[in-house]
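Trainee: Okay, handing you the structure first.
Quick note: the coordinates plus some simple rules give every number you see, no bench work behind them. Quick caveat, the model's predicted, so the values are computed rather than measured. Here Cβ is always computed from backbone atoms with ideal geometry, including for glycine, and neighbour counts include all displayed protein chains.
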There are 2 protein chains.
Amino acid sequence: KNITVSSPAELKQAVQKAIPGDTVFLENKEWKDAKLVVEGKGTATKPIVIVPRSIGKVIITGQSYLKIAGEYLVIKGLHFKDGYTPEKDLIVFRVNNDRLANNCRLTECVIDEFNNPERFRNENWIVLWGKNNRVDHNTFINKLTASPVLIAELNDERSQDNNHSVDHNYFKGRQRFGSNGGETIRIGVSRYSLTPSRTQIVDNYFEHCNGEVEIVSIKSGENNISRNTFFECEGGLVLRHGLGNVVNGNLFIGNNKPFTGGVRIVNPGHRVTNNVFLELKGTAFRSPLSIMNGVPNSLINRYYQVVDAKIENNTFVNCTPLTFGAGKDAERTLSPQRVTFQKNLFVNASDPVYQDDNNDGGVIVSNNAIDKSAVSREGFTQVKITNTVKNGITVPQAKNYGADLKQLAFITVNQAGAKWYNTNQQIAKNKNTTTYIKASDTKKIQELINKTHAGDTIILAEDGFYKLEEGLIINKPLVIMAAKHLNKKPVFVNASFKTIPAFITIENGGSLEIKNIAFQGAFESYGNVQAGIRSTDKAMNRHYNLTVDGCEFYDYNESSFAGIKASKNTLADSLVIKNSLFRNISGTAVNVAEEKDDRGAYGAEYTIITNTVFTNVMGSAVNVYRGGNDESTLGPFVTIDHCTFNEIENREQGTVVRLVGVQYAAITNSNFAYSGQGGRAIEFREFRWDEILVDYC
Amino acid sequence: KNITVSSPAELKQAVQKAIPGDTVFLENKEWKDAKLVVEGKGTATKPIVIVPRSIGKVIITGQSYLKIAGEYLVIKGLHFKDGYTPEKDLIVFRVNNDRLANNCRLTECVIDEFNNPERFRNENWIVLWGKNNRVDHNTFINKLTASPVLIAELNDERSQDNNHSVDHNYFKGRQRFGSNGGETIRIGVSRYSLTPSRTQIVDNYFEHCNGEVEIVSIKSGENNISRNTFFECEGGLVLRHGLGNVVNGNLFIGNNKPFTGGVRIVNPGHRVTNNVFLELKGTAFRSPLSIMNGVPNSLINRYYQVVDAKIENNTFVNCTPLTFGAGKDAERTLSPQRVTFQKNLFVNASDPVYQDDNNDGGVIVSNNAIDKSAVSREGFTQVKITNTVKNGITVPQAKNYGADLKQLAFITVNQAGAKWYNTNQQIAKNKNTTTYIKASDTKKIQELINKTHAGDTIILAEDGFYKLEEGLIINKPLVIMAAKHLNKKPVFVNASFKTIPAFITIENGGSLEIKNIAFQGAFESYGNVQAGIRSTDKAMNRHYNLTVDGCEFYDYNESSFAGIKASKNTLADSLVIKNSLFRNISGTAVNVAEEKDDRGAYGAEYTIITNTVFTNVMGSAVNVYRGGNDESTLGPFVTIDHCTFNEIENREQGTVVRLVGVQYAAITNSNFAYSGQGGRAIEFREFRWDEILVDYC
Ligand SMILES: [Ca+2]
Ligand SMILES: [Ca+2]
């Protein structure tokens, strides 16, 4: 029996009444704010199928979700875009704690940027409960928010030993999340990690999944992660908790991109075999292969010791060194034990091939091979290499060593995801325009901004005061600059009696390049301006770029004010300041320290300040903060070069340049005068693995 | 002409239409959600009077405010209670930026705990704009929120040189605010502080104004602060910015209470004369008299140098030493200069009488006197003392030295405030009850809590599991304890599938003493509990007390979880933990570190932990955080005695006991084992004026 439904209520009723073998068609249309609940009972041979009248013609938008419960339901071909779930989950395999889904299937669906506008809102696109469910041939594009794309939960026996299959999906894009919570897949959770999950993650294609250090985070036992392709992902497949997982026949393609990772191992009993690692350039936790040290008496969510692992018959081509004893420190003191590392093949190997931070024989490296052209190394046989090409990918091979390529699937984009969906749609690009604006037209600037297109340029045509009465809002990439050949800079001032949070606020989707303009924070007896340029305090899930060139920021009279401020819950991809001046500021000149929750989040991936003068600043000149012990992210990165610091933050315990938790920092060729007299010129608070350079200061 | 009005609209219209000499009566009743705007034009001899039909019978409640504009309006006898302003100000002397009040008067009004439920919400009870306005004979009781009770603003010339009078008011109570923003009066603001205000603050009575280090904060010039009484106030009259202020004939009564302060001086040209300081025990910024050091090239909101000050004919009786050069550090390097300190009288003086941290002769101490019974001191003449008693207050006198008592008003409670209002109403007290509750009645505990009265006791009658399905909410002072003579502790667990934020949450108005109960964070496969006991994440403006005795907290499995957690925007007066155990916690055992904004706020005034064992905690055992450079508050105070720390926070850079910005700390008689191996056992980050003791650890 076939039936076509056109509302969530009809759908619910139709599925409830359906008998095995029925198909419920969703009417072709936009389903807005669709709270879909499907609960029914098919059979293995006669499932109930829920499908659009025409694949690709049911588009689910707005505040929508899908809850599935019952047996043998197949949900196929739904397309989620332009919205987000009003709840914690988008597609969830249970209706409530009592009614789970078993033997259900989600296939050929597409979730395309269905993101909550708040980046730190925990939302999951797919959550598996129950047993024997399958998620296959779906396409997941650019999840921007916290929490994984897909989770399998196993809180009690109804969902443990579940035998789910996650296969042939296309995980396309996950931008650097800038905090823990940027995983693509999580299976289980530490509290229940000692029980087996037996989930299959096979034949999937992961592309640019750069959310954090864990692309796939396994937190349960006896899962099988095999035959997947990881394409240029800044992270790894991580066996984080749980026992006896199998990682076999996966293909990691790094293309020499920095930070591309492989497999990381924690806990006992795992097997990593027949995987191919091509041109991976990650180090430490992102090494092509890393084996962690454990913690004595570890709590369930910390690090159990690695014992009885087998790492055999893998192929590493042109990779950075492997890391044995990763994360070793005063807490993680238990070295891996009884780990056999053999029959692996290294081609164009790094020197050393691996680094063992314990060197106590816990990792038994024996009978591995290296290509003949390499310098010979102890414990490695030199062997002859031949190349095999499959699906356009070239993989070296050698007899008896390295991966058995028959166990690989060489999954490409074309073999994963919903085939009906074209993920490479082009957006027509406007020709960029340039508009000049006079000081007397200051009130029209916002209107002009609203009318312009991404990439357009607005030019302040005159010097003198541009008298704003509201802060400007930027929500697309724009250039704002002074006209060339002016004698003085145009000066933004507030000519209203209100306090204005910033002259310019960058909102979601915005980016800004700004040149040769001054931002005067206090003007006559008008209201204060709290910052020159800031990112929004509203919801944001996209990263922004800000380039400030030849600008001046002065007269900010309260200690909460700043020249430039990266607001909480926003992340700049890059914050570039050059040839600029900050003076007479009671707060912080460049404030990238609003992520105070010590959860490892931060305000800018790259902060780059060059040729800039800071003078008479009561707070810090530069404050970048990333608090807590989290080890998920790459950044923040900070570069300060050719800057001058004069009369900055002389208060007790004050710091001129404060870089807390910055992971890569370089401060070079800079002058510090009459600054930091009550505290420090530069404060680092860093971990031993951070990279810090101070030179010529 | 007299008219009676009964709504805000009628009032507005009546005042608009009134002619000089008219009286507008407010109908006797509760005026709820009353947005009152009065704008009219009286004359000096014939003002327009706005007054209740019967004084004391108009009660303004709910979301209410009063805006005043025009000339010669007298507003009299209003009573604000049980509500708060929906805007930033409650009573404001302007309708908008164009329409100010001049020559208007607010008299005999009462504002009794008219507080926003959110403590950090900036709200002002009285804001003066314009000129020649008078605020007199009003009573202001217990402002609990951020920002002063009364402000005079002087943003432009219409409000500068204003000649306002703030006189005969009764400022009754301002609890320790636990952050900057707890002032009682502020005159001006740093940005406009170099202009004269000429406000009179005279004949007022300040009682227990303990909000912060500044009771009265003068941030403008040429004000007159005279003949006021300060009764047991933990703070001072502070000449913070501005030039040439006069402090004359004030009476400070400390009654030997700790932290009671006097006058603090910054900026040039002030005169402090004929004041009497009785039994003040404050030190540093709260000294009976302190003269600050200045900052070179100071920004407008930092510290200008003190020069050309006159401090003469003051009387100090049984006080702590005065401080000259207060706040001297690497930044505040400019000593006071050309300050004459003479003809002052000291009775029962401290030794030394004063401490000069610069000792460069900038403060010229000459021709002062000391009582005959004292040891003679250089620069002090010994003189004969007689006692004068006025209004029940005994003040010593000597010829030619000390205060001229005729210049004092000896203001008492009876001479200030709205006479018609009795501020000492008693609340009838219930007889306290004790109720026993069985494990099988766990679901009824919340209902029972709701029915009990302040001070009642609830006893868990059995050992074994008390299975909660919601966290308990405490919004009054209660005792919860295990029955005596049980073999084991009763154990709270979560038996719902939801995650619960805490077993017990203390809300506004609540306090808790809890004894001999266990809090198990994870139970079977039910939902997690994020904390054993916490303060609310909802609005709170009253401080709470929590005493935990003989309790156990264990099995909290996520790193964001805690045994006990003081939430952001709440302040414990005291947090006492004794004879207790914390084990198996992935987060922080005792978390008083949620005020992360570096504005000088903190979560508990006193944290006292004794005879308590911490074992196997992944985060810190104790984390108390107060960030930033603010110098407004007394606390936090931390005492840790006879505690054991075993296997605590061994992570890289981790700290077992983390006390950042704690102002008084003592850690004694405690054991640290296998703890802090990647970082530190104890981390202090303190200022040079903090008091720290670590002993027998
Ligand atoms: Ca993670
Ligand atoms: Ca203050």
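Trainee: Apply the a/c threshold of 1.5 to the C-alpha gyration tensor of chain A and tell me whether it is rounded, prolate or oblate.
Mentor: Working: a/c = 2.13, a/b = 1.31, b/c = 1.62.
Oblate.
Trainee: Moving to a separate point now. If amide hydrogens are placed 1.01 Å from N in the peptide plane, which non-local residues have theirs closer than 5 Å to the one on B:Ser226?
Mentor: B:Ile201, B:Val202, B:Asp203, B:Asn248
Trainee: Under the classification rounded if a/c is under 1.5, otherwise prolate if a/b is larger than b/c and oblate if not, where does the range B:47-155 fall, given a ≥ b ≥ c as square roots of the Cα gyration tensor eigenvalues?
Mentor: Working: a/c = 1.86, a/b = 1.16, b/c = 1.61.
Taking the square roots of the gyration eigenvalues as a ≥ b ≥ c, the range B:47-155 is oblate.
Trainee: If you don't mind, there's one more thing I want to ask. Given H placed on each backbone N at 1.01 Å, which residues far from A:Leu289 in sequence or on other chains put an amide H within less than 5 Å of it?
Mentor: When sequence neighbours closer than 5 places are left aside, the close amide H contacts are A:Val263, A:Thr323.
Trainee: Give me the extension gain from A:Asp33 to A:Ser560: residue separation times 0.36 nm, minus the current Cα-Cα distance, reported in nm with one decimal.
Mentor: Working: separation 527, 0.36 × 527 = 189.72 nm, distance 4.07 nm.
Extending this stretch completely gives an extra 185.6 nm.
Trainee: If you don't mind, another one. Hey, if you put +1 on the Cβ of every Lys and Arg and -1 on every Asp and Glu Cβ in the range A:48-155, which of A:Leu73, A:Ile60, A:Asn122 ends up farthest toward the positive end of that dipole?
Mentor: A:Leu73
Trainee: Here is a further query. To the nearest 0.05, how large is the calculated FRET efficiency for A:Asp549 and A:Asn255 if R₀ is 45 Å and r is the Cβ-Cβ distance? Display every interim value, and only then the final one.
Mentor: Details: r = 32 Å, r/R0 = 0.72.
Result of the calculation: an efficiency of 0.90.
Trainee: Quick one: how many lysine pairs does the range B:148-415 have with C-alpha atoms less than 15 Å apart and a gap of 8 or more or different chains? Give me the count, please.
Mentor: Lysine pairs satisfying the spacing and distance rule in the range B:148-415 number 8.
Trainee: For the range B:562-593 and the range B:358-400, write down the distance between their C-alpha centroids in whole Å.
Mentor: Spelled out, the Cα-based centre of one part sits 49 Å from the other.
Trainee: Among B:Lys489, A:Lys29, A:Lys67, which comes first, second and so on when ranked by fewest other beta-carbon atoms within 10 Å? Kindly include the intermediate steps, with their values, before the conclusion.
Mentor: Details: B:Lys489 18, A:Lys29 12, A:Lys67 22.
In order of increasing Cβ crowding within 10 Å: A:Lys29, B:Lys489, A:Lys67.
Trainee: Evaluate E = 1/(1 + (r/R0)^6) for B:Asn348 and B:Glu378, where r is the Cβ-Cβ distance and R0 equals 25 Å; express this FRET efficiency to the nearest 0.05. Walk me through the intermediate numbers first.
Mentor: Values: r = 19 Å, r/R0 = 0.74.
The formula returns an efficiency of 0.85 here.
Trainee: In nm, give the distance between the simple-model label positions of A:Arg338 and B:Ser496, each being 7 Å from the Cα along the Cα-to-Cβ direction.
Mentor: Between A:Arg338 and B:Ser496, the label points sit 4.5 nm apart.
Trainee: Applying 1/(1 + (r/R0)^6) with R0 = 51 Å to the Cβ-Cβ distance of A:Phe465 and B:Asn414, what FRET efficiency is obtained, to the nearest 0.05?
Mentor: Working: r = 56 Å, r/R0 = 1.10.
So, using R0 = 51 Å, E works out to roughly 0.35.
Trainee: Tell me whether the range B:148-415 comes out rounded, prolate or oblate; compute the Cα gyration tensor, take square roots of the eigenvalues as a ≥ b ≥ c, and use a/c under 1.5 as the rounded threshold. Don't skip to the answer; put the middle values down first.
Mentor: Numbers: a/c = 1.64, a/b = 1.19, b/c = 1.37.
Oblate, because a/c is 1.5 or more while a/b does not exceed b/c.
Trainee: Across the range B:283-292, in residue order, what do the Karplus-derived ³J(HN,Hα) couplings come to in whole Hz, using 6.51 cos²θ - 1.76 cosθ + 1.60 with θ = phi - 60° and x for Gly and Pro?
Mentor: 3J(HN,Hα) across the range B:283-292, in whole Hz: 10, 6, 5, 9, 4, x, 9, 10, 10, 7.
Trainee: So for each of A:520-529, B:553-562, A:364-373 I average, over its residues, the number of other beta carbons within 10 Å; can you give me the resulting order with the highest mean first? Show your work: numbers first, answer last.
Mentor: Working: A:520-529: 19.2, B:553-562: 23.8, A:364-373: 17.6.
Per-residue mean Cβ counts within 10 Å order the peptides as B:553-562, A:520-529, A:364-373.
Trainee: Here's a follow-up. Residue by residue through the range B:433-444, which ³J(HN,Hα) values in whole Hz follow from phi under the Karplus form 6.51 cos²θ - 1.76 cosθ + 1.60 (θ = phi - 60°), with glycine and proline marked x?
Mentor: Rounded to whole hertz, the list is 10, 10, 10, 9, 9, 8, 4, 5, 9, 3, 4, 8.
Trainee: What does the average come to when, for each residue of peptide A:618-630, you count the partner chain Cβ atoms lying within 10 Å of its Cβ?
Mentor: Numbers: counts 7, 3, 0, 0, 0, 1, 0, 2, 0, 1, 3, 10, 1.
The mean count of partner-chain Cβ atoms within 10 Å per residue comes to 2.
Trainee: Here's a follow-up. Let me know the charge dipole size of chain A about its Cα centre in debye, to the nearest 20, where only the beta-carbon of Lys, Arg (+1) and Asp, Glu (-1) is charged. It would help to have the intermediate numbers written out before the result.
Mentor: Working: 78 positive and 74 negative charges, 387 e Å.
Taking the Cα centre of chain A as origin, the dipole is about 1860 debye.
Trainee: Other chains near B:645-657: what is the mean number of their Cβ atoms within 10 Å of each residue's Cβ?
Mentor: Numbers: counts 0, 0, 4, 0, 2, 9, 9, 11, 9, 4, 0, 0, 0.
If you average over the peptide's residues, the count of other-chain Cβ atoms is 4.
Trainee: For labels at B:Asp98 and B:Asp161 in the simple 7 Å Cα→Cβ model, what's the distance in nm?
Mentor: The modelled label-to-label distance comes out at 2.6 nm.
Trainee: Summarise the partner chain shielding of A:271-278 as one whole number: the mean count of Cβ atoms from other chains within 10 Å of each residue's Cβ. Intermediate results must be reported in sequence, preceding the final value.
Mentor: Working: counts 0, 0, 0, 0, 0, 0, 0, 0.
Rounded to a whole number, the mean comes out at 0.
Trainee: Could you please report the charge total around B:Arg583, scoring K, R as +1 and D, E as -1 over all other residues with beta-carbon less than 11 angstrom from its beta-carbon?
Mentor: Details: positive: none; negative: B:Glu552, B:Asp555, B:Glu647.
In short, -3.
Trainee: What list of ³J(HN,Hα) values in whole Hz, one per residue of the range A:259-275 in order, does the Karplus curve 6.51 cos²θ - 1.76 cosθ + 1.60 (θ = phi - 60°) give from phi, with Gly and Pro shown as x?
Mentor: Per-residue couplings from phi come out as 6, 5, x, x, 10, 10, 10, 9, 6, x, x, 8, 10, 10, 9, 6, 8 Hz.
Trainee: For chain A, take the longest principal axis of its alpha carbons; what is the angle in degrees between that and the long axis of helix A:8-17, to the nearest 10 within 0 to 90?
Mentor: 10 degrees
Trainee: Moving to a separate point now. In Å, what Kirkwood hydrodynamic radius results for the protein assembly as shown from the alpha-carbon pair distances?
Mentor: Values: mean 1/r = 0.0284 Å⁻¹.
Averaging 1/r across every pair of different Cα atoms and inverting gives 35.2 Å.
Trainee: Mind ordering A:263-274, B:13-24 by average Cβ neighbours within 10 Å, highest first?
Mentor: On the way: A:263-274: 24.1, B:13-24: 17.7.
In decreasing order of mean packing, A:263-274, B:13-24 become A:263-274, B:13-24.
Trainee: Same structure, new question: Suppose each label sits 7 Å from its Cα in the direction of the beta carbon; what would the B:Asn297-B:Asn132 distance come out to in nanometres?
Mentor: Calculated label separation equals 4.5 nm.
Trainee: Then there's this: Check each of the chymotrypsin sites (Phe, Trp or Tyr not before Pro) in the range B:609-687 and keep only those in coil by DSSP with at most 16 other C-beta atoms within 10 angstrom; list them in order.
Mentor: Working: sites: B:Phe614, B:Tyr625, B:Phe637, B:Phe645, B:Tyr664, B:Phe672, B:Tyr674, B:Phe684, B:Phe687; in loops: B:Tyr674, B:Phe687.
Those that pass, being in a loop and sparsely packed, are B:Tyr674, B:Phe687.
Trainee: Under Stokes-Einstein, with the Kirkwood radius over Cα pairs standing in for Rh, what whole-number D in µm²/s applies to the range B:436-695 at 20 °C and 1.002 mPa s? All intermediate terms of the calculation are to be shown ahead of the outcome.
Mentor: Details: Rh = 18.3 Å.
My calculation gives 117 µm²/s for D.
Trainee: Out of residues 5 or more away from A:Ala572 or on other chains, whose amide H comes under 5 Å of its own, with H placed 1.01 Å from N in the peptide plane?
Mentor: Result for A:Ala572 returns A:Tyr544, A:Ala604, A:Glu605.
Trainee: List the lysines whose Cα lies under 24 Å from the Cα of B:Lys438, skipping any in the same chain that are fewer than 8 positions away.
Mentor: Filter leaves B:Lys451, B:Lys467, B:Lys476, B:Lys484, B:Lys488, B:Lys489, B:Lys498, B:Lys515.
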